[in-house]
Amino acid sequence: MSYPQAPWILQGYAIQTLHLVNVDQVRRLIPLELEIISVWPGKTLGSVYLSNYGSGSVLEYSELIVVPALVNYQSKIGAWISHIYVDNADSVAGGREIWGLPKELAKFTWEQGKYVTVHQENRKLCSLNYNQQSFAWRQWLSASSFSVKGADLLMFPAEVESVLGLIGSKLEIPAESPFSGIGLGQPWLTVRYEQMSLRVDGPKVVGQMGMNTSRLGIFNSESGFGKREKGKG
């Protein structure tokens, strides 16, 4: 299995929802070494990111990223990714081996400008209905995320240039979804990225994890969130 080395340059479009999430509800998903940032009393910032990377990308694939919290480690701020799904096996391998991300395979069904649904085998992970944007502007943004590989806490930056628009959306996460327990609810803001160019750089080691933190974070803990069946993942 082959995959490109970092940085990955990805081009396409995406929809991102933002949510206020209960800190106490997601604490079990976050390594203890990371401090959850409260953006409102008792609330942190969660997100669902759905994208389709096409022509001009180092790999062509769709992606679902679930962020349960905004976190801080030694004055470094970034997102913690608890669940991530793609429809390209090379992307799974690269995501795990370069960035330490717990990527899994899933199937994406897109109707551009209307909705996207994500399934893993016979299980529905989520669906998002969304509107066409009526007003948009070109914007450059940057953000960082944390991940874990072995005993290393990693951090990696991403930069995006895109035509942004604010849209309406309806997110559905069925009870059988591995991330239903996060309590994302309906988004308070949804952003659509068109004509997007995304650069994801390789990670840097920023710290060491405790003995109880697994290679892929804490996804096999007793929290019940994101547990894998034997022989899968």
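The values are calculated or read from the model by the stated rules, or taken from the named source; none is laboratory data. Because the structure is predicted, anything quoted here is derived from the model rather than measured. With ideal geometry, Cβ positions are generated from the backbone for all residues, glycine too; neighbour counts draw on all protein chains shown.
Is there a residue being in contact with a Ser or Thr (Cβ under 9 Å, 6 or more places away or on another chain), in contact (Cβ under 8 Å) with a residue 60 or more places away in the chain, surrounded by fewer than 17 Cβ atoms within 10 Å (Cβ to Cβ) and closer than 20 Å to ILE81 by Cα anywhere in region 163-175?
Checked against the condition, which is being in contact with a Ser or Thr (Cβ under 9 Å, 6 or more places away or on another chain), in contact (Cβ under 8 Å) with a residue 60 or more places away in the chain, surrounded by fewer than 17 Cβ atoms within 10 Å (Cβ to Cβ) and closer than 20 Å to ILE81 by Cα, region 163-175 yields no hits at all.
Here are the criteria: (1) surrounded by 15 or more Cβ atoms within 10 Å (Cβ to Cβ); (2) in contact with a His (Cβ under 7 Å, 6 or more places away or on another chain). Tell me which single one LYS107 does not satisfy.
Single failed check for LYS107: (1).
Would you be able to tell me the number of residues in region 68-89 that are of a type outside the set (Lys, Arg), touching a residue at least 12 places away in the same chain (Cβ under 8 Å) and over 12 Å from LEU101 (Cβ atoms)? Steps first, answer last, please.
Here is the first cut: in region 68-89, the ones of a type outside the set (Lys, Arg) are 68-75, 77-89.
Add one more test, that the residue is touching a residue at least 12 places away in the same chain (Cβ under 8 Å), and what stays is 68-74, 77-89.
So of that shortlist, the ones also over 12 Å from LEU101 (Cβ atoms) come out as 68-74, 77-78, 87-89.
Residues in region 68-89 being of a type outside the set (Lys, Arg), touching a residue at least 12 places away in the same chain (Cβ under 8 Å) and over 12 Å from LEU101 (Cβ atoms): 12 in total.
Residue-by-condition table, conditions (1) crowded, with 16+ Cβ neighbours inside 10 Å; (2) closer than 16 Å to ILE182 by Cα; (3) within 15 Å of the chain's Cα centre (by Cα):
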{"position": "VAL48", "(1), (2), (3)": "yes, yes, yes"}
{"position": "SER51", "(1), (2), (3)": "yes, no, yes"}
{"position": "TYR73", "(1), (2), (3)": "yes, no, no"}
{"position": "SER91", "(1), (2), (3)": "yes, no, yes"}
{"position": "LEU101", "(1), (2), (3)": "yes, no, yes"}
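What are the residues in region 192-222 that are at pLDDT 95 or above and among the aliphatic types (A, V, I, L, M), if any? First the steps, then the outcome.
Filtering region 192-222 down to residues at pLDDT 95 or above leaves 192-208.
Hits for region 192-222 are MET196, LEU198, VAL200, VAL205, VAL206.
Tell me yes or no: at least one residue of region 7-21 is among the polar types (S, T, N, Q), surrounded by fewer than 22 Cβ atoms within 10 Å (Cβ to Cβ) and under 19 Å from ASP201 (Cα atoms).
Scanning region 7-21 turns up at least one residue that is among the polar types (S, T, N, Q), surrounded by fewer than 22 Cβ atoms within 10 Å (Cβ to Cβ) and under 19 Å from ASP201 (Cα atoms).
Hey, can you tell me all the residues within region 95-128 that are farther than 23 Å from THR190 by Cβ and of a type in the set (Asp, Glu)?
GLU97, GLU104, GLU121
Quickly run through region 126-162 and pick out the residues that are under 15 Å from THR17 (Cα atoms) and either surrounded by fewer than 17 Cβ atoms within 10 Å (Cβ to Cβ) or in contact (Cβ under 8 Å) with a residue 60 or more places away in the chain (or both).
As a first pass, look at region 126-162 and keep what is under 15 Å from THR17 (Cα atoms): 126-133.
Of everything in region 126-162, those that are under 15 Å from THR17 (Cα atoms) and either surrounded by fewer than 17 Cβ atoms within 10 Å (Cβ to Cβ) or in contact (Cβ under 8 Å) with a residue 60 or more places away in the chain (or both) turn out to be CYS126, LEU128, ASN129, TYR130, ASN131, GLN132, GLN133.
Name every residue in region 27-63 that is under 18 Å from LEU101 (Cα atoms), touching a helix residue (DSSP H, G or I) at 6+ places or on another chain (Cβ under 8 Å) and not in a strand (DSSP E or B), in order of residue number.
Within region 27-63, LEU29, LEU59 meet the criteria.
Would region 105-113 turn up any residue that is without any contact (Cβ under 8 Å) to a residue 12 or more places away in the chain, more than 21 Å from SER197 (Cβ to Cβ) and either among the charged types (D, E, K, R) or touching a Phe, Trp or Tyr at 6+ places or on another chain (Cβ under 7 Å) (or both)?
yes
Could you please let me know if GLN5 is touching a residue at least 60 places away in the same chain (Cβ under 8 Å), over 17 Å from the mean Cα position of the chain (by Cα) and assigned to a helix (DSSP H, G or I)?
It is false that GLN5 is touching a residue at least 60 places away in the same chain (Cβ under 8 Å), over 17 Å from the mean Cα position of the chain (by Cα) and assigned to a helix (DSSP H, G or I).
Mind listing whichever residues of region 176-190 are in a helix (DSSP H, G or I) and either exposed (fewer than 15 other Cβ atoms within 10 Å of the Cβ) or hydroxyl-bearing (Ser, Thr, Tyr) (or both)?
Matches in region 176-190: SER180 only.
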